[in-house]
1. Given the conditions (1) of a type in the set (D, E, K, R); (2) under 30 Å from B:GLU443 (Cβ atoms); (3) more than 14 Å from chain A (Cβ to nearest Cβ), which single one is not true for B:ARG542?
2. Would you check if there is a residue in the stretch B:263-275 being aliphatic (A, V, I, L, M) and surrounded by fewer than 19 Cβ atoms within 10 Å (Cβ to Cβ)?
3. Working only within the stretch A:104-156, note down all residues that are away from chain B (no Cβ under 13 Å) and of a type in the set (Ser, Thr, Tyr).
4. Across the stretch B:151-166, what is the number of residues that are under 16 Å from A:HIS150 (Cβ atoms) and either among the hydroxyl-bearing types (Ser, Thr, Tyr) or assigned to a helix (DSSP H, G or I) (or both)?
5. May I ask you to say which residue of B:ALA144, B:ALA177, B:ALA169 is more than 13 Å from chain A (Cβ to nearest Cβ) and either buried (at least 24 other Cβ atoms within 10 Å of the Cβ) or not in a helix (DSSP H, G or I) (or both)?
6. Tell me which residues, restricted to the stretch B:514-534, are buried (at least 19 other Cβ atoms within 10 Å of the Cβ) and part of a loop (DSSP other than H, G, I, E, B).
7. Might you check whether a residue that is surrounded by fewer than 19 Cβ atoms within 10 Å (Cβ to Cβ) and of a type in the set (Gly, Ala, Ser) occurs anywhere in the stretch B:147-161?
8. So, in the stretch B:50-87, how many residues would count as being without any contact (Cβ under 8 Å) to a residue 24 or more places away in the chain and within 26 Å of B:ARG31 (Cα to Cα)?
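The values are calculated or read from the model by the stated rules, or taken from the named source; none is laboratory data. Note that the structure is predicted; figures quoted are calculated from it, not measured. Cβ placement follows ideal geometry from the backbone for every residue including glycine, while neighbour counts extend to all protein chains displayed.
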Amino acid sequence: MPPAGTAELTEYELFHAWRAPGWPVDAPGVRRYVVASLRIEMKRLLSSFLIAALTAMSVSPAGAHARLDRAAPAAGSAVHGSPPQLKLWFTERLEPAFSKVRVLDRNGKQVDKGDPEVDRADAKLLRVSLPKLAPGTYRVKWRVLSVDTHVSEGNFTFNVAP
Amino acid sequence: MNTLFVAARAVHYASAMLLFGELVFVIAVARPVWRHARHVGSGDGDDVYRRLLVVARWSVIASIVSGVAWLAAQAAVMSGMPVGQAMNRETLGLVLGNTVFGRVWMLRIGLVIALGAVLLALDRSAGDPRRSRLAIGAAVVAAAYLGSLAWAGHAVAGKEPDDFDRIVASVAHLLAAGAWLGALPALVHLLAGTHALDAAPQATRRYSNLGMASVCVLVVSGLTSAWYQVGDVPALIGTDYGRLLLAKLGLFATMLGLAVTNRGYLIPRLAGGERGALHLLRRTAVLEIAAGIGVVIIVGVLGVTVPAAHQSPVWPFDRTLSFDSIQQSAWTQLAVAAAGTVACIAAVALIAGALSRPPHLRIAAVAGIVIPGGILAYLLAVPAYPTTYLVSPVPYTADAIATGSTLYAANCGVCHGRDGRGEGPDARSLSNARANLNDRVPERREGDMFWSIANGIPGTPMPGFTSQMSEVEIWSLIQYLDAQTAAQNALAMSDRIKPLRPVPAPDFTYEFIGRPQESLRQHRGNRVTLLVFYTLPSSLPRLLELATLERAFTAAGARIIALPTPASSAATALDTRGDGESMLALASPAVATTYMMFAREARGANGGAPAHLEYLIDRFGFLRVRWIDVPEAAPGQSAETLRQIDVLVHEPPRAPVQWGHRH
């Protein structure tokens, strides 16, 4: 079945000719056809790889799991004078519906105004208003949900100095 | 509860991939093959659709059930309540309406309904020549259904400008996996059918092309996501997420190996009409499905695991590879470079020579990888501990350094001496000279230092301190040791900008009088800081001068923070004619004591802390210029300062100080 003069056919022609059904495996010169077909496949593989690589070339970081980046008043610090607001900056954007923060005094009583909200302009900022706080140590407990559905929580203290 | 979550995720991923894969198989493989193979039978390809609809029906049901379970488990996690309690209207309403996940889920409910409708239409359209177009429509909806899972995963969060790219990579990964894995069961079914031997060669060839294209997309999109979710090798080996990812890659490699075997050996033999090849092909396809199920389960678990880039890795081996060990000797550097080059060349030769026969060439290439690899491992190995790659939970702040300083004086000074040079009172009894910290600390990783301090160094007089100090205290001590290193580098600092080894400025919080609390870190990337430590009353003329020039400094891009030295009282007001922001600040006394550390001059003859000290901190958090004891009313001093500020503002950006947070 392999036509005479197959030496003159190009790789592509050989490949397509060989793929036709009924071509016996032990025909003379079949090994050359196998090699030719594998070479064609490698070229196809390479080009699809290149296309995939070009598509994905500009792919960039995926992050997750919001962590506390910084706070004002900062963790462990002392402020002179009662701050009007507690601000928490996180490393990921937050879901407002499930992100909460509370400020407790030394006895565990909640002292913040109970209005935690995620800033509209910066989805990584969580704020809660505070009334005039007496000097002492206060504990902040936060629990936030990042936009990729992971929950984080933590706490820290700060001092209000007279 | 976690098992429920993982099971729901795995079943949902599997059913969505199956739906998409089956449709792709019908459109790209089965239909064309049956169309061309005229002599096969009179079914005209309707058998193909019959099977598709049966599988699709069950997949849709599984998908809906697992989707509901996923939603319930997610609502429980988000609200913090147990699953039973979380299934109330209010919580579900919040989840579905007010979260990104919920909105995506509502869209997907719509998509699955649409898919059901199209499949129903497909069922009814037997004998209709437009059936294949309906199938393509169904495939598009199934692709949207599968691809939208990207919004329920880790790709959603991250830096805003890169959102689009991350999502594209995740969607591509999902679709490629669906096209390859999801089509496998259909392939097995085709290979087991009665007309298999006639249809199989062309079908397997087409499927193999599809598979190879999918593999390319999977590799590229998977590598990029993994690179940013994981970050580096310690995270890959030292965290649960990383090890799960390695398991997934192992299964993927198995599947890839089976696919390449099929392509290289079995498919050509099948073309020749060998029945044995058909059975073997079917068996390998079943093995691939088994591995694929393993991959989907691992993906389910990965979804609920903290990404490795956000965790501290615990190193499991007692050695690690590091280029630090070869810094000293040029010969070892040469040996490493040579071994690396040989290994790379051998690897390329192995891949390029994969098509050729001679076994001795392949054995030589493998030896060329293994032997240099062994040499590299031997040369680059250094001792490692579980804490080696931990990052300090205590950031580099003035308070931490002050705590560390007290701890050092109490625990370490007896042997290591006041300045770490190893001249403490007990040091004379020590046998080895390694009590000098100044050569050792700069090169060691923080995690290694943590291990040495906590557990001691066996074979030396250094004891472990876990019973005397808590973990937080040890990390604070390490911050103090880092500050000592920085102070050594600061000896070279002068009143002009010059090249220096990095001296990071310890962070601290302060308040301008009557204003809210700020931190030094806030101004990073933004302003240069002139940090002034004053002693009243001798610094008063200089403070007044700075106050009048405050506008000029702000215009130049700098901010002035004035704090009292430990010996001075704090100024609360300045009588100036200039208005504008005040520069007098209040901060913890630890700030002044810490910054005094960086004021030791190379002369060494300091009789105590200076009375007046000024630093310029650049926009990236490094100390650059230092003035000690500025003479009163020196003409041109402020002009000089402004000139330096101008240089710092206009210098090209550099990598800022890392504040102890892996990213």
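1. (2)
2. Within the stretch B:263-275, none of the residues are aliphatic (A, V, I, L, M) and surrounded by fewer than 19 Cβ atoms within 10 Å (Cβ to Cβ).
3. A:SER129, A:THR137, A:TYR138
4. 6
5. After applying the criteria, what remains is B:ALA177.
6. B:ARG524, B:ARG527
7. Yes, the conditions are met somewhere in the stretch B:147-161.
8. Final tally of qualifying residues: 4.
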